[in-house]
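A short worksheet on the structure shown next.
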Amino acid sequence: MVSRVRGGFLVRIRLAPVLAMVFAGLAWSGLSGASATNGESAPSRKAVVYVMPSALDSPGSGEGSSVVVDSAHNGREPQVAKIYQELQHNKGCQPFSANMVKAKADYFLLLQHGGGRGNRWAVSNKAGNVIASGESFRIGTAVSDACLAMAKDWKSLQPPAAR
């Protein structure tokens, strides 16, 4: 134990707990860094998904396409935020990173809320080619189906060693 007088107050510092925490932190950082240097390959990057606010929005990185601002269409409740929520919490969508910047996207997800009549969805790649489409009554199921289609396509684009 070390005692110091600082500003008229006696400050006592117990060195053992402080040193134990410092050494534990160093050991932990050394262990986590060791796995990357033992010849294990780093995981491949996640594919990025952009949710298109409407069918009028074109996929790709056109001008003025940086961030979604409004997605209301024909007086229906906007569903873009709900779709992003499903992408983040759906277990089948974990290999993907949801992003609101169109220029960073590998895939574009268009999901049209049917207002009680089902939800239609389509997924395209960067080139604008539709890779899958479908329909589901629940938004969560539609997003899950879209993620399955994107995962299949993403896996086909990876080199054989990364699969």
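The values are calculated or read from the model by the stated rules, or taken from the named source; none is laboratory data. Keep in mind it's a predicted model, so treat the numbers as computed, not measured. Glycine also receives a Cβ, built like all others from the backbone with ideal geometry; neighbour counts cover every protein chain displayed.
Being modelled with pLDDT of 95 or more and not hydroxyl-bearing (Ser, Thr, Tyr) narrows it down to one of VAL123, VAL101, so name that one. Break it down stepwise before answering.
Numbers: VAL101 fails: modelled with pLDDT of 95 or more.
Sole residue among the options that is modelled with pLDDT of 95 or more and not hydroxyl-bearing (Ser, Thr, Tyr): VAL123.
Those residues that are part of a loop (DSSP other than H, G, I, E, B) and over 16 Å from LYS82 (Cβ atoms), I need them from segment 113-150; list them, please.
Selection gives ARG117, LYS126, ALA127, GLY128, ASN129.
How many residues does segment 111-131 hold that are in contact with a Lys or Arg (Cβ under 8 Å, 6 or more places away or on another chain) and either surrounded by fewer than 14 Cβ atoms within 10 Å (Cβ to Cβ) or within 22 Å of ASN99 (Cα to Cα) (or both)?
Going through segment 111-131 one residue at a time, the tally reaches 5.
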